[in-house]
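So the structure is just underneath, and the comments pick up after that.
No value in this document is a laboratory result; all are computed from the given coordinates. Since this is a predicted model, take the numbers as computed values, not measurements. Cβ sites come from the backbone with ideal geometry, for glycine too, and all protein chains shown count toward neighbours.
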Amino acid sequence: MDVPYYPINDYEPLIKGLVIGGLGITHVFLAQFAIGGGMLMCYFQWLAQTGRSPVARQFLDGYFKILVLISFVVGALTGVAMWFTTIQVSPRTIGVMVDEFHWVWATEWTFFCLEVVAGYAFYRCGRNLPDRSRMTLLLLYTVGAWFSLFWINGILSWQLTPGQWGEDRSVWSGFFNPSFWPSLIFRTITSLTIASLAACVVINTMTELRRDLRRELINRAAFCLSPMLLMPALGYWYLNVIPPDSRSWVEGGSAAMTMFMGIAVAASLLIGGYALVGLIAQRLYINGATATLLLALAFGATAGGEFVREGVRKPFTVREYLFSNSIRADEVALLREQGSVTADPFPLRNAGIYANEQLRLGAKVYRFQCSICHSMGGVNGLTHLAGTWTTDQKRMNIAKLQNTKPFMPPFAGNAEELEALVQLIEWHAAGMPRTWETTSNATVLAEIRQWLDEAGTESATRREVALIREER
């Protein structure tokens, strides 16, 4: 079995997860705006052609320009940036996703093409078309956008809840996984919410309209916020289909996960409460500042939700198959024997700054096993996280990593590599001096091997599942 290696870029003091996370949150928010925007525009086109709103068409044409400029242009750029960055940050994860779901990706791209073609056709010709043709284009755009979500949602939800895919490797078992439907419906409602709030912002820029006409448009847009009533039930459904250990992270098991989950829930409650009571029940008028604040809260809810969705997969990027450091679960035992970077063909950048060969080995181990989620001295830095540990504590805690921190993958290397990583952390903490003593105590290495054997090669979550099955 050959373990693949890829060239890895460094973004220190940021960690790679923050770089891709920032791009991902922005892209998801804009993509959901585009999806919900299609549904909202179909609704306003129906209002216009049935004579229910005298200014719906005027709003629609202006709103679509905003959607094209922001979602099509910025959304497309962040989408390309996502692919470009992800294949540098986690190329093996992307490789697995493409290998397993290449026809699903191809199908999604055909719907994306439909979305773009219908959207630009409406942008260029919509003003001069009769109502029926306008509705046809908007429906084609909406179908293309929503089915793009449909196909992508199956792949993203598979990462956390692969279902029977782990046993039969069937594309459809992985695609229609346990969290597929709650995630799809929740994202659909989120998309419509973002589009409706963006509509309230756009309406406030239409100063040529009287206030009462703007109020009518805002009330119409607010009607599309009513599906938010389903969000609590969908959230409860989603939490109940994800694995128990993943659910425990947001129920207090991880301070960060719990905090970001709280942000997402609180922001959603504030938006939903204001929309249902103020905009729908009392038919209030909101100004541009309030509309922008609500849209910002929606961005905060999206950011919190995406952070949690990514975080609860730990220690995996594909549950029970691929760890977050892109090492496959069935490769750990092999790497424990032969060393995790023995076959790594890529040289270190600035290799001359390290004081000895052991530190260079530690740097390659850090790059391969740790750098996806950690920096050395910046965000989530190892020198900070292990700063209060003694040298022996570092050795034991890293050797038993999946027991020390259940959301971490097991250390996938031999005793010499672990000692090299410990020395690298201590060398960085000491200010990277020009000289550093090499350590090769046989007794220490034997003790590390014993700790590694005691920890085993499985994740803490897999052991817990095995114990539950035995009890049953």
### Message
Apply the a/c threshold of 1.5 to the C-alpha gyration tensor of the stretch 331-456 and tell me whether it is rounded, prolate or oblate.
### Response
rounded
### Summary
So, over other residues within a Cβ distance under 13 Å of HIS428, counting Lys, Arg +1 and Asp, Glu -1, the net charge is -1
### Neighbour cut-off at most 16 other Cβ (10 Å), DSSP loop, GluC sites (Glu not before Pro), the stretch 154-227
GLU208
### Query
What percentages, rounded to whole numbers, describe P(r) for the stretch 16-323 computed over all alpha carbon pairs with 20 Å bin width beginning at zero?
33, 56, 11, 0
### Task
Would you be so kind as to identify which of THR207, PRO162, ASN9 lies farthest towards the positive end of the dipole of the chain, taking Lys and Arg as +1 and Asp and Glu as -1 on Cβ and the Cα centre as origin?
THR207
### In the stretch 171-218, the trypsin sites (Lys or Arg not before Pro) that fall in loop regions by DSSP, at most 14 other Cβ within 10 Å
ARG210
### Query
In whole Å and largest first, what semi-axes does the C-alpha gyration tensor of the stretch 226-375 yield when each eigenvalue is scaled by 5 and square-rooted?
45, 20, 10
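Considering only DSSP states other than H, G, I, E and B, which GluC sites (Glu not before Pro) in the stretch 71-165 qualify as loop sites with at most 14 other Cβ atoms within 10 Å?
Hits after loop and neighbour filter: nothing returned.
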### Helix-only mean residue ellipticity at 222 nm for the chain, each DSSP H run of n ≥ 4 adding -39500 (n - 2.57), per residue, nearest 500
-21000 deg cm²/dmol
